[in-house]
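Before any comments, here is the structure.
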Amino acid sequence: MSEGSFTTTAVAAATTADWVDPRAMLRDPFDTYDRLREQGSVVWVPALERYLVTGFAACRAVEADQATFSADVGGSGATMARALGAKPMLRKDDPGHAVERAPINPGLRAKSIRASWGPRFERNAQIHLDVLRERGPKQAELNRDYAAPVAARNLVDVLGFREATPEEMQRWSHAFIAGIGNLADDPGIWARCDDAQREVDEHLDVLLPHLLRHPDTSMTSALANAGLPEAAVRANVKLTISGGMNEPQHMITNMVWALSRHPEQRDRVLADPSLWPVAFDEALRWLSPIGMYPRETTRATVLDGVELPRGATLGVVIVAANRDPAAFEHPERFDIARSQRAHLGFGSGVHLCPGHWAARIAVGEIAVPRVYEALQGLRTDTRRDEAWFGWVFRGLTDLPVTWGPS
Ligand code: HEM
């Protein structure tokens, strides 16, 4: 399989995909991604006013060249700065980006995460396993009763927000995400986002001076003690609140959904727990919770044979790249035995998710294995309705589960 190279040398203008319907993508985007990729790895989509990049090699090429493909985009870059109080690292290129990113890297390495947060992740899972058990096999809903609150508690810990509740963390996260996506300028969304900003700032008013005197292993402490302007510290904490909860939450439900649909693979993982990390990565490739993120060209360029003007807005569709047949054999199959496993679910290049070890450990090594250990025979409950939502960010909003003998 060719993983990072282009097969074409000819240069042409982008073709137009005027058939793309974003409302249909909300229900199920995968047919659209397949059709787009067949049309070309870089295609102009009028309904979204951007070029969608769906080829694996093309997505990788974008991330390898931030001088040409900048993360400092207009549109959602402006709403992100408005929603979070200032532009965070995600909307900056190096060297400015690296100054804000470097302080958090050491605390998010696998060894640090296991030492600082492993026991907390275990405790958080246990608290909500009890909730699931209490609901019982006829009423338990994995997203509401387990995935969302466990992901929220884990983020409270990693950020060191000891005084915050998981409910507050969920509310803030949703308010920031809605604000970042508020291109239509809906005043109700801004009002909720402003409330979340005020509440998080009130926590930080107390926490930041405390952490300067008493540094700890939290992400907030790493940012606070890095000599950054305080506005940058606050914006990056809020960025993490918006990004560090939803995706781990979706990965808990995605893994259980994928394994329930592939019982023979589930049984292999349960018989050999060393396969949990592989199952995590294959689920992340197959059902990437972040579908797309934006980039903007700083100059006229050519991407996989397609001419792009200066100032072109791109949607880097990593979930489509993760199902590119040029990179993965039978990409539509969930297969923990596949040999090629490097995927783009955590992005790539300088913005590669710094929380990838936190997510791998919290979800793939703790939250999902523990729920299978505690509730023998765990599976999705097909008698009740499940629900998916979204395509830029996609996840299960309802996942009824049951357990015991089938
Ligand atoms: C399975 C769970 C997760 C997934 C799939 C995920 C995915 C991603 C992706 C794709 C990006 C790059 C976006 C872009 O380039 O525009 C990113 C960036 C980021 N993620 Fe995650 N993430 C996850 C969990 C987390 C966690 C747990 C944290 C924090 C504890 C976190 C914090 C961040 C931050 C701060 C950035 C910005 C990095 C930068 O700009 O250099 N993420 N994530």
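Brief remarks follow.
- Restricting the stretch 110-140 to residues that are among the hydrophobic types (A, V, I, L, M, F, W, C) and open to solvent by 40 Å² or more (accessible area, probe 1.4 Å), the residue that is farthest from PRO369 (Cα to Cα) is ALA115.
- Among the residues listed as PRO405, PRO354, the single one being farther than 22 Å from ALA64 by Cα and either loosely packed, with under 15 Cβ neighbours inside 10 Å or modelled with pLDDT of 95 or more (or both): PRO405
- Boolean, GLY107 is part of a helix (DSSP H, G or I), away from the ligand (no atom under 16 Å from the Cβ) and buried (at least 19 other Cβ atoms within 10 Å of the Cβ): no
Residues are listed down the side, and each one gets a yes or a no for (1) within 11 Å of the ligand (Cβ to nearest atom); (2) touching a Ser or Thr at 6+ places or on another chain (Cβ under 9 Å):
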{"position": "GLY311", "(1), (2)": "no, yes"}
{"position": "GLU329", "(1), (2)": "no, yes"}
{"position": "ALA337", "(1), (2)": "no, no"}
{"position": "ALA359", "(1), (2)": "yes, no"}
{"position": "VAL363", "(1), (2)": "yes, no"}
{"position": "VAL371", "(1), (2)": "no, no"}
{"position": "TRP391", "(1), (2)": "no, yes"}
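- Cross-chain or 6+ apart pairs with Cβ under 7 Å, the stretch 118-140 first and small (Gly, Ala, Ser), then surrounded by 14 or more Cβ atoms within 10 Å (Cβ to Cβ): GLY118/ILE361; ALA125/VAL150; ALA125/ILE366; ALA125/ALA367; ALA125/ARG370; ALA140/LEU132; ALA140/VAL401
- Residues located in the stretch 193-228, provided they are surrounded by fewer than 18 Cβ atoms within 10 Å (Cβ to Cβ), away from the ligand (no atom under 16 Å from the Cβ) and either under 14 Å from LEU84 (Cβ atoms) or in contact (Cβ under 8 Å) with a residue 12 or more places away in the chain (or both): ASP194, ASP195, ARG198, GLU199, ASP201, VAL206, LEU212, ASN225
- Close contacts from the stretch 326-355, counting a first residue that is in a loop (DSSP other than H, G, I, E, B) and a second that is of a type in the set (Ser, Thr, Tyr) and within 16 Å of the ligand (Cβ to nearest atom), with Cβ to Cβ under 7 Å and a gap of 6+ residues or different chains, come to GLY345/SER288.
- Options ARG285, ARG295: the member that is within 12 Å of the ligand (Cβ to nearest atom), part of a helix (DSSP H, G or I) and not acidic (Asp, Glu): ARG285
- Candidate set: the stretch 86-95, residues that are open to solvent by 30 Å² or more (accessible area, probe 1.4 Å) and either within 16 Å of VAL350 (Cα to Cα) or in a helix (DSSP H, G or I) (or both); chosen: the one nearest to the ligand (Cβ to nearest atom): LEU90
- Residue in the stretch 251-265 that is nearest to the ligand (Cβ to nearest atom), counting only those that are open to solvent by less than 20 Å² (accessible area, probe 1.4 Å) and under 14 Å from LEU284 (Cα atoms): MET251
Yes or no, residue by residue, for (1) under 21 Å from CYS353 (Cα atoms); (2) free of Cβ contacts under 8 Å to residues at least 60 places away in the same chain:
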residue	(1), (2)
HIS262	no, no
SER274	no, yes
TRP286	yes, yes
GLY291	yes, no
THR297	no, no
THR301	no, no
GLU307	no, no
VAL319	yes, no
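- The set of residues in the stretch 141-159 that are open to solvent by 10 Å² or more (accessible area, probe 1.4 Å) and either without any contact (Cβ under 8 Å) to a residue 40 or more places away in the chain or touching a Ser or Thr at 6+ places or on another chain (Cβ under 7 Å) (or both) comprises ASN143, PRO149, ARG153, VAL156, VAL158.
- For PHE328, the conditions (1) farther than 30 Å from ALA12 by Cβ; (2) surrounded by 15 or more Cβ atoms within 10 Å (Cβ to Cβ) are fulfilled apart from (1).
The values are calculated or read from the model by the stated rules, or taken from the named source; none is laboratory data. Given the structure is predicted, the values throughout are model-derived calculations rather than measurements. Ideal geometry is used to build each Cβ from the backbone, glycine not excepted, and the neighbour counts take in all protein chains shown. The area values use the complete protein model at the heavy-atom level, side chains included, leaving out ligands, DNA and RNA. Shrake-Rupley method; radii C 1.70, N 1.55, O 1.52, S 1.80 Å.
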